[in-house]
Amino acid sequence: MKATLVAAAAASLGLGGPALADPVKVGMITTLSGGGASLGIDTRDGFMLAVSRAGNPDLSVVIEDDQQKPDIAVQIADKMIQSDKVDVLTGIVWSNLAMAVVPAATAQGKFYLSTNAAPSQLAGKGCNPNYFSISYQNDNLHEAAGAYAAKAGITKAFIMAPNYPAGQDSLAGFKRFYEGEVVAEVYTQLGQTDYAGEIAQIRASGADGVFIFLPGGMGISFVKQYADSGVGLKLIGPAFSFDQTIIQAMGDAALGVLNGANWSPDLDNDANAAFVQAFRAEYGRLPSVYAAYGYDTANLLLSAMDKASISDPDAFRAALREADFDSVRGKFSFNASQHPVQDLFMREVVRDGDILTNRIVGVAIEDRGHAYEDECKM
């Protein structure tokens, strides 16, 4: 799937502000088909909502589907850089795809603004002046779950994630702040849909709670099978596994699950209220964390365009670092490795009328950066 979208088409909204003369072309590589499509669709829709609302005629966006395949993502990135002549790349959901694309893109002088994937390798030793994570560092939402687990009554945890970079980061993040005992640490296959064996392991483990990171269709399959199994231990995870689109597919099996997040639709600030209202009006659904990150990423980019020209990379980089935009998360700044410093929350899946959604139940960690900052030598 391929689409070319130009922000000038939205100028009729009357929301455009002044911009510097040099145009900026963005290449968005994201997942728009297969089991992870809802994540990429929300990323795209959040980003394009901000672009539309800004109405800046100097910003254009090219969007392509990576099909959740690293080789496809690399091919698209090469084409975008060499043929489409993009200035900025963004949109990748999955960390294994990010690791295939980002180092080569930044080495060629392109800016990469991450709407989601933020593996530890790019936060620490692999940090780069042209790489910004607008979402988090991969460990963060898992750290929130680990920090909050004791309050949830989990003293013996069974922890599980897919065996790929984000999965490894997730379990490392959970353990970093968890004060109880990890009774089992299990890695599953990426894209797995049958969890009978893992549920049997949970039943026999002696755990009193389960932490999972299973994004997209993996989480849907697990939660439904887990609910049917009758094991009944408390489930806790990151927002990736219990986000807005995903929990609708899970149904009542997701009710009561706690999940670590840095954003929620009920987060109380003006920028977030405006975003949620505009997203619902435009797309007819509540936004997810992926949509929120896409929206923030576009607004960060637009804020830099108001201050500097992309033809002066040093000035443009400095403008990005200022993060002079109203984040839907409220507090937002970058640390030295160009990852967010932000509050981390715990949410609970609840029913609101005919839909499931998340509500904040507490703050897990305040002003969190990430664990790999000392490894970054920028």
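The values are calculated or read from the model by the stated rules, or taken from the named source; none is laboratory data. The structure presented is a predicted model; accordingly, all values stated were derived computationally and were not measured. Here the Cβ is made from the backbone with ideal geometry for all residues, glycine too, and neighbour counts use every protein chain on show. We work out accessible area using only protein heavy atoms, side chains counted, and drop any ligands, DNA or RNA first. Shrake-Rupley method; radii C 1.70, N 1.55, O 1.52, S 1.80 Å.
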### Task
Output the number of the condition that residue 321 fails; it satisfies all remaining conditions of (1) open to solvent by 10 Å² or more (accessible area, probe 1.4 Å); (2) touching a Ser or Thr at 6+ places or on another chain (Cβ under 6 Å).
(2)
### Message
Consider the range 117-156. How many of its residues are polar (S, T, N, Q), surrounded by 24 or more Cβ atoms within 10 Å (Cβ to Cβ) and touching a helix residue (DSSP H, G or I) at 6+ places or on another chain (Cβ under 6 Å)?
### Response
3
### Cβ pairs under 6 Å, 6+ apart, first in the range 33-60 and farther than 20 Å from residue 193 by Cβ, second modelled with pLDDT of 95 or more and among the basic types (Lys, Arg)
60/25
### Task
Considering (1) farther than 13 Å from residue 45 by Cβ; (2) modelled with pLDDT under 95, say which one residue 245 fails and leave the rest.
(1)
### Query
Restricting attention to the range 191-211, does a residue exist that is in contact with a Leu (Cβ under 6 Å, 6 or more places away or on another chain) and closer than 22 Å to residue 37 by Cβ?
no
### Residues of the range 252-299 satisfying the condition of being aliphatic (A, V, I, L, M) and either under 15 Å from the mean Cα position of the chain (by Cα) or in a loop (DSSP other than H, G, I, E, B) (or both)
255, 257, 261, 267, 286, 289, 291, 292, 298
### Query
Looking only at the range 208-238, which residues are among the small types (Gly, Ala, Ser), without any contact (Cβ under 8 Å) to a residue 40 or more places away in the chain and assigned to a helix (DSSP H, G or I)?
219, 221, 227, 229
### Query
Which of the strands (runs of 3 or more DSSP E) contained wholly in the range 104-197 include at least 1 residues that are not assigned by the TED database to the domain that holds residue 211?
111-114, 131-133
### Task
Could you identify the single residue in 118, 161 that is of a type in the set (A, V, I, L, M), more than 17 Å from residue 210 (Cβ to Cβ) and touching a Phe, Trp or Tyr at 6+ places or on another chain (Cβ under 7 Å)?
118
### Query
So which residues in the range 26-51 are of a type in the set (S, T, N, Q), at pLDDT 95 or above and crowded, with 21+ Cβ neighbours inside 10 Å?
30, 31, 43
